[in-house]
Amino acid sequence: MKISIFSLLFLILGLGISAQTNVVVSDLESWTSVGINAKLGKKWSLTINEQLRLKQNSTIIDEFFTGAELKYTLIDKRLKLASGYRFISEYDEESLYNKEQRFDFDILYFQPIKRFDLSARMRYQNRNDIGETAKSGDYARQHYRLKLQVGYDIKNWKCDPAFSVELFRKFERYTLPYFDNIRFRLGTDYKMKKFGEIGIFYQLDYSLGVTYPKTTYVIGLNYQYNLGNIFNKKSK
């Protein structure tokens with residue numbers, strides 16, 4: 001009888017270890033994007049971009065989307081309001097690509113201090129499936145996100161670094177709000193005259209509030225072309 005009990009305990013322990021090893025706790029993703037930016041007079045600006053994200057060690061498509069963001073300057077370029085929209089195709093093993101949409105509303109504040117550029121962003125984010133309703137069980141996934149960033153202007157250097165920390169607080173139906181992710185990012189931009197701007201970054205996402213936290217490492221590359229102020233172009 002004792003042998004049978006010990007055998008059963010070892011079997012349960014073995015199954016538990018096997019289940020734990022099947023849980024994915026880390027991944028390497030790559031994000032690439034191409035976009036254009038245009039000023040619309042003195043206070044408005046518009047950005048449109050296309051982005052592709054790869055997961056599972058950057059071997060398969062996670063999602064790709066078209067995004068647009070409109071910004072409005074309130075106080076001397078230091079305080080801005082922004083609103084964004086994304087049309088998302090997210091890879092799903094059952095339905096291949098699931099169509100979703102996301103709305104963002106931001107308050108941004110910028111404060112230069114000598115060679116440092118400090119900024120803060122508070123974002124409300126709402127994401128849901130297109131064509132689905134609450135009656136069919138589709139409820140919007142909502143987040144409040146707080147991002148703090150510091151950049152440093154290195155003398156005689158064009159690739160100034162910037163480091164940011166962002167905290168995600170999730171709101172969902174039938175549960176209390178909770179923090180579900182924290183993000184760290186280090187990156188830099190390089191501006192080219194008449195050819196736009198190239199940016200690279202390295203990012204770490206760490207999930208919170210779960211039994212097996214997942215760490216996602218992200219390598220990012222983006223390109224943006226600046227059209228300038230399209231409402232103040234001089235006619236030839």
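Just so you know, all these numbers are worked out from the coordinates, no wet-lab data involved. None of the values given here were measured: they were computed from a predicted structure. For neighbour counting, all protein chains shown are included, and Cβ atoms are generated from backbone atoms with ideal geometry for every residue, glycine included.
Okay, here's what the table says:
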| read-out | value |
| --- | --- |
| Residue pairs, from the table LYS155/LYS193; LYS147/LYS193; LYS71/LYS191; LYS80/LYS191; LYS114/LYS158, whose Cα atoms sit over 26 Å apart | LYS147/LYS193 |
| Considering only the chain, percent of DSSP beta bridges that pair antiparallel, nearest 5 | 90 percent |
| Amide hydrogen neighbours beyond the local backbone of ASP160, cut-off 5 Å, H modeled | ASP189 |
| Length-normalised contact order for the range 24-229 - Cα pairs under 8 Å, 6+ apart - percent | 18 percent |
| FRET efficiency for LYS158 and ASP138, using Cβ-Cβ distance with R0 set to 35 Å, rounded to 0.05 | 0.15 |
| Cβ-defined net charge surrounding ILE113, 13 Å radius [Lys, Arg +1; Asp, Glu -1] | +1 |
| Potential extension, TYR97-LEU176 segment - 0.36 nm per residue separation minus Cα distance | 25.4 nm |
| Projected label distance in nm at ALA120 and LYS194, using a 7 Å step from Cα toward the beta-carbon | 4.2 nm |
| Kirkwood Rh and Cα Rg combined as Rg/Rh, the range 24-229 | 0.96 |
| Peptide ranges 205-212, 63-70, 185-192 listed from the most packed, as the mean C-beta count within 10 angstrom indicates | 63-70, 185-192, 205-212 |
| Karplus (6.51, -1.76, 1.60) ³J(HN,Hα), θ = phi - 60°, over the range 168-179, in Hz, Gly and Pro reported as x | 10, 10, 9, 10, 9, 5, 6, 9, 6, x, 8, 7 |
| Nearest 10 degrees, 0 to 90: helix 2-21 Cα axis against the chain principal axis | 10 degrees |
| Mean Cβ neighbour count within 10 Å, used as a protection proxy, ranking 194-204, 216-226 highest first | 216-226, 194-204 |
| Inter-centroid distance (Cα atoms) of the range 191-236 relative to the range 49-115, Å | 10 Å |
